[in-house]
Amino acid sequence: MVFTLNDLSFKYYPKADYALKGLSLSVDSALITGLAGANGSGKTTLIRILLGQLIDIEGAYIIDGRSASDIHGEVLHRYGIGYAPDDILLDEYLTGYEILKIIASLRKIPPIDFENDMRLFSENLRLEEWFHKQQCRAYSSGMRRKTALCLAYLGNPSYVVLDEPTNGLDPLSVYGLKKIIREKKSRGAGSLIASHILDFVEKTADNCILLCKGSLSYQGPLATLTKAHRGAPLEDIYFSLFSR
């Protein structure tokens, strides 16, 4: 799939400033794309538009040649997209494992695929006894994050959108998440990763999108961006572009 925005702008109410202004870009679902920007730059707004949660837009939003403006909250289901939001909502009285079993049933995921995913998640996100036995109301922020990531990658999503996926994760789980992202990409599911942790973006992404105050500063291969800045780390590039 290719998600395309043509001169897209959005404001939350008529007299507000634009949250996004004049964005023209494309996102290939086969690749890993990093999305970076300061607080208030429009990252979450862009994600919500891509997922069809915000529809009162100016300009055009197209998925594989079809206008998405008439799809009201159906993008996730219609296109088989996994999503792990920054603000995580879970059923507080079920365990993480019980939630995954329910979702696997709804998505008609074969048992062998479910077990393979559980091994992948358990090994890389360090899912321990708490995941199977504790209700979600007892989970720490890191446990909740791990559960949300499992839900996003469960089965065979066509694409996965992650909003601040490393929040609350310990270093070993951050390392494991990189392995999951690469493994799912090898099976055909790229990811859009919105993160303040630029080192994480640099080590996982093929392409990157940089936003500043609702406008597009860069979109394209990460290697092209770093080459244009003499091989500097993404953190240094970002600082040089936006610290003025």
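Coordinate-derived values only; no laboratory data. This structure is a prediction, so every number in the text was calculated from the model and none was measured. Reconstructed Cβ throughout: ideal geometry from the backbone, glycine too, with neighbour counts over all protein chains shown.
A few remarks follow.
- Against the chain, whose longest principal axis comes from its Cα atoms, helix 141-153 is set at around 80 degrees.
- Straight-distance candidates among the aspartates and glutamates for linking to Lys185, with alpha-carbon spacing under 18 Å and chain neighbours fewer than 8 residues away dropped: Asp28, Asp113, Asp117, Glu123, Asp163, Glu202, Asp206.
- The smallest convex shape that holds all Cα atoms of the chain, its convex hull, gives 134 Å³ per residue.
- Semi-axis lengths (Å, descending) of the ellipsoid that matches the C-alpha gyration tensor of segment 1-71: 19, 16, 10
- Ignoring aspartates and glutamates fewer than eight residues from Lys15 along the same chain, the ones with Cα atoms less than 19 angstrom from its Cα are Asp56, Glu58.
- Computed from Cα atoms, the angle from the helix 96-106 axis to the main principal axis of the chain rounds to 80 degrees.
- Among 150-159, 105-114, 129-138, sorting by the average number of other beta carbon atoms lying within 10 angstrom of each residue, highest first, gives 150-159, 129-138, 105-114.
- A P(r) calculated from all alpha carbon pairs of segment 9-136, with 5 Å bins opening at zero, reads 2, 8, 14, 17, 17, 13, 12, 10, 6, 1, 0 percent.
- Distance (nanometres) between label positions extended 7 Å along Cα→Cβ at Glu58 and Lys101: 5.2 nm
- Here is how the number arises for the chain: DSSP H runs of 4 or more residues each give -39500 (n - 2.57), the sum is divided by the residue count, and the result at 222 nm is -11000 deg cm²/dmol.
- Distance in nm between pseudo-label sites at Lys133 and Asp206 (7 Å out along the Cβ direction from Cα): 4.3 nm
- Of all aspartates and glutamates in the structure, the ones whose alpha carbon falls short of 15 Å from that of Lys133, not counting any fewer than 8 places away in one chain, are Asp91, Glu92, Glu98.
- Span from the segment 211-234 Cα centroid across to the segment 108-138 one, whole angstrom: 36 Å
- Here the extension length gained between Ala38 and Asp236 equals 69.8 nm, from 0.36 nm per residue of separation less the Cα-Cα distance.
- Flagged links, alpha-carbon separation over 25 Å, of Lys21/Lys178; Lys108/Lys146; Lys203/Lys227; Lys184/Lys227: Lys21/Lys178; Lys184/Lys227
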